Amino acid sequence: MTSSSSLTASPASILHEVFGYARFRGPQEAIVEHVSGGGDALVLMPTGGGKSLCYQIPAIVRECRGHGLTVVVSPLIALMHDQVGALHEAGVKAAFLNSTLDWNETQEVERRMLRGDITLLYAAPERVTTPRFISQLDSLMERGKLSLFAIDEAHCVSQWGHDFRPEYRALTVLHERYAGVPRIALTATADALTRADIVERLQLEEAKQFVSSFDRPNIRYTIVEKKEPTTQLLRFIEREHAGDAGVVYCQSRKRVEEVALTLADAGVNALPYHAGLDAAVRQKHQDRFLREEGIVMVATIAFGMGIDKPDVRFVAHLDMPKNIEGYYQETGRAGRDGAPADAWMTYGLQDVVNQRRMIDESPAGEDFKQVMRGKLDALLSLAEASDCRRVRLLGYFGERYAPPAPPAPPVSIEAAEAAGTPGQALSESGSIFRFSCGNCDNCLFPPQVWDGTDAARKLLSTIYRVHQQGSFGFGAGHIMDILRGKTTEKVTQFGHQALSTFGLGAEFSETQLRGVLRQLIAIGALEVDAQAYNTLRLTEGSRAVLRGEQTVMLRQSVSTPSERKPKRERSSRTALPAAAVSLDGAAQARFAALKAWRAEVAREHNLPAYVIFHDATLAAISERAPSTLADLQGISGIGSKKLEAYGEAVLGVCRSL
Ligand code: ADP
Ligand code: ZN
């Protein structure tokens, strides 16, 4: 708020006037009320859930009521500039203190802080606990001008979290020294162990906990079988996401380089990012990703921590991550703005083999490796699943998926039959899925399932016979050749055409058998020995399958779901962002002109375009064809400061067409 004159400022009025949003999202309202009133809170909300407003609005409300400064502790120094810039755009007095400032700039911020000229101050944890900063806080405290502490990325306090920062441990000083000052800790980490650790380490036992669902309903999950991954990816981008910003994750630096080149050759605006690149190049690519539109970042997992670009339209995995935690975190970077987004992954037998090898060859202890294998298996069964991916993902994090309210019951029996039972979907093979989230590949296109038990037994028994014959060290390719009756050089060399299973599985395609092998590995009925050229080995679990006691059901891979996916309505040639696809011709022209204007403003302000206005806001303006300032009022994302700063310019752009 520009002044503390509006003593009556309510959370709802600040949401409307400062941020230009019509309503709170999910639990935001309850959190904001609680914290504005001086309560402590622990907020667990998925990425994109809208955590920032949970402390920004209380900070403004409390400042208006005369409580003074809110300190936001965040480890993400690289983001502070843009976060503070976004608050400035909304007319909020904010600043940051971190190592990117020189001495003069630092002192200037400190002076403003002590003068009461800052509502929100962002600072790195190591800064907050310095004697200098503490003495400044002391001085504010004495004058009753220390309003609130917000501890962002609170999982950094826990060694169980994926991003432990020892400096976070020292943050107990906030509680001990400034006992009366409310604290709000926030994290997107979904796992229970980390949560408990946060409460203990930050002494938040008394804090009210706000736990949101970790579902990301706007993200569509799709997992396809890996055939020619780069071509599959290219097709996916061209069909679904031409012109969109996205992230493509690959396992190795080399793959990153290759894929980035291939995409660029095909006309996609792709850049590589991995730890092997020069720091300056990395920075440049990250800046371009944030600042420009429609960049596809091809990266290793080194990329992404703290990227809060809201309009990432897809996250693709060309290789399988290590576990579901990683997968969920990485895919969570898509669609933070709530608009439709895709999480798309290709995976194949080689992924399974590679991940196993990495675990086997790691120097970790056997116990740790066992945990890692278990986590990998959970991801494998997600990939092999023929039922709802969302149910499985949330189930992994201990959450039961509550499907969206079913449509109103159909009126006639015929209509009921045609519509199916709400909350259930019938697959082509007749099996019933309990839930249909309506937004994952398996719910949209229930895959055909086939009984692979016979094929599985034949594969296992081929391996058994090969070993019985005294020859070891054969991988998947050779075993499949024997079963399919192919007289390759290797088969003849080892006399494997004489085995009783030779040619016994001629009716199975190689794709089918690969699927069976993956499934066998996923259920532990087969092992890959990475130290011995990926040799296949029987396990204790093989027995049950061999004896026919365990059935092996597999998804039919007729074609990749992305090929069957009904395209979301959009023209890939014009490459309109999702927000603008439903606009008519004249509105599309306004949208394009507004985007060009926004790019100009963003450049002048040295901020990403979305900080000025989101795509959705530009689309709403384009649709309304405003001719007066009053026409702009009430459009989501236009607060009073932005209306004042940009209203006339926006009208000018719209009128010029
Ligand atoms: P998180 O930190 O939880 O990942 P953010 O605070 O960055 O999420 O919010 C994600 C996006 O959602 C931002 O672009 C933000 O402007 C938008 N947003 C948050 N709350 C609302 C709301 N109540 N109405 C509209 N948009 C919102
Ligand atoms: Zn589903």
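Remarks
- Only listed residue being closer than 29 Å to residue 278 by Cα and assigned to a loop (DSSP other than H, G, I, E, B), chosen from 320, 345: 320
- Of all residues making up region 51-105, the number that are outside any helix (DSSP H, G or I), among the β-branched types (Val, Ile, Thr) and under 21 Å from residue 210 (Cβ atoms): 4
- Pairs, first within 16 Å of residue 614 (Cβ to Cβ) in region 633-653, second open to solvent by 40 Å² or more (accessible area, probe 1.4 Å) and outside any loop (DSSP other than H, G, I, E, B), C-beta under 7 Å, six or more apart: 635/624; 636/616; 637/616; 639/17; 643/629
- Here residue 462 does not qualify as surrounded by fewer than 20 Cβ atoms within 10 Å (Cβ to Cβ) and more than 16 Å from ligand 2 (Cβ to nearest atom).
- Among the residues of region 323-342, those identified as assigned to a helix (DSSP H, G or I) and not acidic (Asp, Glu) are 324, 326, 327, 328, 329, 331.
- Within region 197-213, one or more residues are surrounded by 15 or more Cβ atoms within 10 Å (Cβ to Cβ) and under 26 Å from residue 380 (Cβ atoms).
- Residues within region 32-48 that are under 20 Å from residue 155 (Cβ atoms) and within 11 Å of ligand 1 (Cβ to nearest atom), tallied: 6
- Single residue of region 166-224 satisfying the filter (among the small types (Gly, Ala, Ser) and at pLDDT 95 or above) that is farthest from ligand 2 (Cβ to nearest atom): 207
- When region 367-384 is limited to residues that are out of contact with any helix residue (DSSP H, G or I) (no Cβ under 6 Å at 6 or more places or on another chain) and more than 15 Å from residue 527 (Cβ to Cβ), the one that is least open to solvent (accessible area, probe 1.4 Å) turns out to be 383.
- Single condition residue 275 does not satisfy, out of (1) aliphatic (A, V, I, L, M); (2) open to solvent by less than 30 Å² (accessible area, probe 1.4 Å); (3) farther than 21 Å from residue 236 by Cα: (2)
- Restricting region 596-651 to residues that are in a helix (DSSP H, G or I), open to solvent by 30 Å² or more (accessible area, probe 1.4 Å) and of a type in the set (Gly, Ala, Ser), the residue that is farthest from residue 291 (Cα to Cα) is 630.
- So residue 173, is it out of contact with any Leu (no Cβ under 8 Å at 6 or more places or on another chain), hydrophobic (A, V, I, L, M, F, W, C) and open to solvent by less than 60 Å² (accessible area, probe 1.4 Å): yes
- Check on residue 216, touching a residue at least 40 places away in the same chain (Cβ under 8 Å), closer than 30 Å to residue 269 by Cα and open to solvent by 30 Å² or more (accessible area, probe 1.4 Å): no
- Considering region 433-454, the residues that are open to solvent by 40 Å² or more (accessible area, probe 1.4 Å) and away from ligand 2 (no atom under 11 Å from the Cβ) include one that is modelled with the lowest pLDDT, namely 448.
- Top-ranked residue of region 17-29 - restricted to ones that are within 13 Å of ligand 1 (Cβ to nearest atom) and not in a loop (DSSP other than H, G, I, E, B), ranked as farthest from residue 65 (Cα to Cα): 28
A quick yes/no check of all residues on (1) without any contact (Cβ under 8 Å) to a residue 40 or more places away in the chain; (2) at negative phi; (3) in contact with a Cys (Cβ under 6 Å, 6 or more places away or on another chain); (4) of a type in the set (A, V, I, L, M, F, W, C):
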{"residue": "475", "(1), (2), (3), (4)": "no, yes, no, no"}
{"residue": "481", "(1), (2), (3), (4)": "yes, yes, no, no"}
{"residue": "489", "(1), (2), (3), (4)": "yes, yes, no, no"}
{"residue": "512", "(1), (2), (3), (4)": "no, yes, no, no"}
{"residue": "536", "(1), (2), (3), (4)": "no, yes, no, yes"}
{"residue": "546", "(1), (2), (3), (4)": "no, yes, no, yes"}
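- Of all residues in region 517-531, one or more are open to solvent by less than 80 Å² (accessible area, probe 1.4 Å), at pLDDT below 90, within 30 Å of residue 341 (Cα to Cα) and touching a Phe, Trp or Tyr at 6+ places or on another chain (Cβ under 9 Å).
- On inspection, residue 264 qualifies as among the aliphatic types (A, V, I, L, M) and free of Cβ contacts under 8 Å to residues at least 60 places away in the same chain.
- In the set (1) surrounded by fewer than 16 Cβ atoms within 10 Å (Cβ to Cβ); (2) away from ligand 1 (no atom under 15 Å from the Cβ); (3) in contact (Cβ under 8 Å) with a residue 12 or more places away in the chain, residue 68 fails one condition alone, (1).
The values are calculated or read from the model by the stated rules, or taken from the named source; none is laboratory data. Because the structure is a prediction, the values reported are computed rather than measured. Heads up, the Cβs are rebuilt from the backbone with ideal geometry, glycines too, and the neighbour counts pull from every protein chain shown. Surface accessibility is based on the protein's heavy atoms, side chains included, excluding ligands, DNA and RNA. Shrake-Rupley method; radii C 1.70, N 1.55, O 1.52, S 1.80 Å.
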